[in-house]
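The values are calculated or read from the model by the stated rules, or taken from the named source; none is laboratory data. Note that the structure is a prediction, hence the values are computed from the model and not measured. Heads up, the Cβs are rebuilt from the backbone with ideal geometry, glycines too, and the neighbour counts pull from every protein chain shown. Calculation scope for accessible area: heavy atoms of the full protein, side chains included, ligands and nucleic acids excluded. Shrake-Rupley method; radii C 1.70, N 1.55, O 1.52, S 1.80 Å.
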Amino acid sequence: MDYLPVCLRLSDTPALLVGGGTVATRKARLLLKAGARLTVVAPEASAELQALLAQSGGEWRREVYTGADLQGQSLVVAATPDAATNRSVYREASERGIPVNVVDSPDLCSFIFPAVIDRNPLLIAVSSSGRSPVLARLVRRKIEALVPAAYGRLAEFAGRWRDRVRQALPEEGARRLFWEQAVDGAAGELVLAGREQDAAKLLEARLVDSAALHRGEVYLLGAGPGDPDLLTFKAVRLLQSADVVLYDRLVAPAIVDMARRDAERIYVGKARSDHAVPQQDINQQLLALAQAGKRVVRLKGGDPFIFGRGGEEIALLASHGIPFQVVPGITAASGGACYAGIPLTHRDYAQSVRFVAGYLKGDRVEHDWRQFSSTTETLVFYMGLMGLPVICRELQAAGRAGDTPVALIERATMEGQRVLVGTLSTMEALVAREKPQAPTLIIVGDVVRLHRDLAWFGERDAGAPAS
Ligand code: SAH
C-alpha cells in the first residue's frame, strides 16, 4: 500500500489554499464542505471562490504566497500554475511538518485527495495512489450508481441507535448479528424508504424479543416487462440480498440470474390455461418462508400492483406481521409503448390512457364497453391476445370507428419484440396470419399512428401500416 487512507477531521481547523483558479476553487469547495477554516493566498481569485469565502467567513489574502503564510496552518493545498511557487509551498510546509498537497504533482504531496462518494456521514473514498485520477473517478461513478443516495440517512440512523444497542446487547457477537440484520434487513430498508419511525419500532421490537431477530421479510419486486436494464436500482439491490426468489413465467431468466448464486429459486409460474401454482398457495409459501426466517423476494413481471395480484400476496403477510415492501416496476404498457415508439398520451391524439384487462371469461371479455367510446383516450389491453377478436368487435359496437389504429406488441422490450399494426377492423385477420405468441399487449387509439415515425429503426415495417 503506497498510502494509508484516513478520514481527516477538519472542522474548525485552519487550512491554507495557495492559488485562486478553477482547480483551487474545486479544492476550496471540498475543504469548506469538511468544515475547514480556509485562508486563500492568491493575487487573483475566481468569482465563485470569492463567494465561497464570503459565505464561510474565510479569508482571502490578495497577494503572492510567502513562507509566512504557513504560520498556524494545519494543512496546505497548492494549486497555482507556477511550478516554482508550488515547489516552495511543498518544501516549506514539509520542513514544518504540515501535511501538503500540490495538485496534480504526486511527488510534491504528503497526502493526496481520493475521489469521494459522499453519503455523509457515510464516505467512500477511491484512490489510484496518484497514478490515474481519471480511473479513480471512473470507479467512483460506478460505485455512485450502486450505493443508494439514502445510505447517509441510514448511517445517521444507525449512529443514533449505537448506545442503545450497546447497552441492550453487551456481547459483541450478538451485537454484530443485530446490526447486520438491521442495516441490511427490513429496518434498513424502512430507513431508506424514509420511514424512520417504523424502522425504530422494528428495531425496538427486535431488541426486546430475540425471536423477532430471526423473522424473515418479503420484497415484492417489480421486474419490469423483460429487458433487465429496466430494473430499478432498488430491485437489483434487494434481489441480490435474497435467500429465496419466487418468480413466474413473465420474469426474464436474465433477471432471475441476478440473484445470488446460492439463493434458492422457486418457479411459481402460471401458463394461461394451466394454473400450475394457485395464487393462494403462493401467498402461503411466501408466509411460510418468511416465518422460517428467510429473506424472500417475489419477482413480479412489470409492476406488482398492475394486474399483478400483488395486493393479495401482501395482505396475508401484513395480517401475520411480516415486514414487507413493494418495489414498483415498469409496467408492460409503459415499457412496450416506449420501445415501440407509441406515446400513450399526446397533445393532439390522446389526453388520457386506460389500462384494461382483456382476458376472456368463457367467450366474453367482461366490461361495460360503452365506457371505452372516447376517441381521445388510449386503451391498453393486458392479457388480451385470446380475446382480441372480441375486443375489436365490442369497441366498434361501442362506437369506435373501424379504422381506429391498433398495435399489438409481442414480447415488449425483449429480444424478438415485434409490433403488428392494423385497425379495429383488420387486426383479427392480421393476428390470425402472423400468429404472435404471449406475452402481448394491445394498444388502441390514434397515438398508434405515431409508431411509423417514432419506432426504432428496423421495427417500422412489421405488420401492415396504420392508415
Ligand atoms: N404486472 C404486469 C402485468 C401482469 S398481467 C405489468 O405491470 O406489466 C400479464 C400481461 O401483461 C400479459 O398478458 C401481457 O398482456 C402483459 N405483458 C407483460 N409483459 C409483457 C411483455 N414483455 N410484452 C407484452 N406484454 C406483456
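Values computed for the structure shown
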| quantity | calculated |
| --- | --- |
| Which numbered condition Phe113 misses (of (1) modelled with pLDDT under 95; (2) in a loop (DSSP other than H, G, I, E, B); (3) surrounded by fewer than 18 Cβ atoms within 10 Å (Cβ to Cβ)) | (3) |
| Residues that are assigned to a helix (DSSP H, G or I), open to solvent by 50 Å² or more (accessible area, probe 1.4 Å) and aliphatic (A, V, I, L, M), drawn from segment 148-187 | Leu177, Val183 |
| Within segment 268-341, helices (runs of 4 or more DSSP H) holding 2 or more residues that are in contact with an Asp or Glu (Cβ under 9 Å, 6 or more places away or on another chain), at pLDDT 90 or above and closer than 30 Å to Leu379 by Cβ | 332-340 |
| Failed criterion for Asp348 (all others in (1) assigned to a loop (DSSP other than H, G, I, E, B); (2) farther than 29 Å from Ala455 by Cα; (3) acidic (Asp, Glu) hold) | (2) |
| Qualifying residue in segment 217-232 (condition: at pLDDT 90 or above and farther than 30 Å from Lys142 by Cα) | no |
| Whichever residue in segment 331-358 is within 22 Å of Ala252 (Cβ to Cβ) and open to solvent by 60 Å² or more (accessible area, probe 1.4 Å) and, among such residues, is farthest from the ligand (Cβ to nearest atom) | Cys338 |
| Every residue from segment 412-443 that is touching a residue at least 60 places away in the same chain (Cβ under 8 Å) and either more than 16 Å from the ligand (Cβ to nearest atom) or crowded, with 20+ Cβ neighbours inside 10 Å (or both) | Ala412, Thr413, Gln417, Val419, Pro439, Leu441, Ile442, Ile443 |
| Count - residues of segment 359-389 that are more than 10 Å from the ligand (Cβ to nearest atom), open to solvent by 80 Å² or more (accessible area, probe 1.4 Å) and touching a Lys or Arg at 6+ places or on another chain (Cβ under 8 Å) | 1 |
| Failed item in (1) hydrophobic (A, V, I, L, M, F, W, C); (2) at pLDDT below 85; (3) crowded, with 18+ Cβ neighbours inside 10 Å, with Leu190 passing the rest | (2) |
